[in-house]
Amino acid sequence: MTLKYLWLVALVALYISPIQSLNCVYLDHTILENMKLLGSIMTTFPLRCLKDITDFEFPKEILLYVQHMKKDIKAVSYHISSLALIIFSLKDSISLVTEEHLERIRSGLFKQAWQARECMVDEENENAEEDSTSQHPHSEGLKAVYLELSKYFFRIKKFLVNKKYSFCAWKIVVVEIRRCFIIFYKLLNMNSESSSFKQELR
């Protein structure tokens, strides 16, 4: 890249940073990369696995909360990223892909969780001068969201355990977690119309 274009990039960064931290910008890209990684596992779905498909009961009420409390979406994204990383760090998660591919997924999810946390902290620091009392009405709601997400990922983990971490079980879990990422990626980019969220849940 020439010096001329490097300066253009630097100027753009100067204008972007007051609006959104670089950690938040990087987070969008990382989520997309992880969706691609998980998508690479979903290239084929064996017919024999259809009988094992289950409804993990994604807590749809969470979407209503985060759409109204937009400032909490970064905290929710961090929680989801961390819980997904735990799932892919289970000791018996090697049967689905090669060790190398699995490490790429784990590394990507760790990066996503770290960036989500840093993005959340950056936004909290930017809003530090606001009246702290404005955050209190949402704290109980956010705790309820955390609880529902924890239950959701526990159901996913329990499914894997009951299926003894089988090949089909992992195929189904990958589809579910990728779907979860798609939903929250759209929530992070609130320019999408609310109808698009409903389509992802069908």
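For every residue, the table says whether it meets (1) among the aliphatic types (A, V, I, L, M); (2) over 22 Å from Lys158 (Cα atoms); (3) open to solvent by less than 20 Å² (accessible area, probe 1.4 Å); (4) at pLDDT below 90.
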| residue | (1), (2), (3), (4) |
| --- | --- |
| Ile19 | yes, yes, no, yes |
| Cys24 | no, yes, yes, yes |
| His68 | no, yes, no, yes |
| Asp92 | no, no, no, yes |
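Scanning segment 129-168 for residues that are farther than 23 Å from Tyr65 by Cβ and either among the polar types (S, T, N, Q) or not in a helix (DSSP H, G or I) (or both), we see that the one that is modelled with the highest pLDDT is Asn162.
Yes/no matrix, rows are residues, columns are (1) outside any helix (DSSP H, G or I); (2) more than 14 Å from Cys180 (Cβ to Cβ); (3) modelled with pLDDT of 80 or more:
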position	(1), (2), (3)
Asn34	no, no, yes
Ser40	no, yes, yes
Thr43	yes, yes, no
Arg48	no, yes, yes
Lys51	no, yes, yes
Asp55	yes, no, yes
Ile62	no, no, yes
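Quick check, is Ser77 open to solvent by less than 60 Å² (accessible area, probe 1.4 Å), among the small types (Gly, Ala, Ser) and at pLDDT 90 or above? In short, no. In segment 49-70, the residues that are farther than 25 Å from Cys24 by Cβ reach residues that are part of a helix (DSSP H, G or I) and among the basic types (Lys, Arg) with C-beta atoms within less than 7 angstrom, at least six apart or across chains, in these pairs: Cys49/Lys171; Phe56/Arg155; Glu57/Arg155.
The values are calculated or read from the model by the stated rules, or taken from the named source; none is laboratory data. Worth saying up front: this structure is predicted, and the values here are computed from it rather than measured. No Cβ is skipped: glycine too gets one built from the backbone with ideal geometry, and neighbour counts run over all protein chains shown. When the accessible area is computed, the model is the full protein with side chains, heavy atoms only, and any ligands, DNA or RNA have been set aside. Shrake-Rupley method; radii C 1.70, N 1.55, O 1.52, S 1.80 Å.
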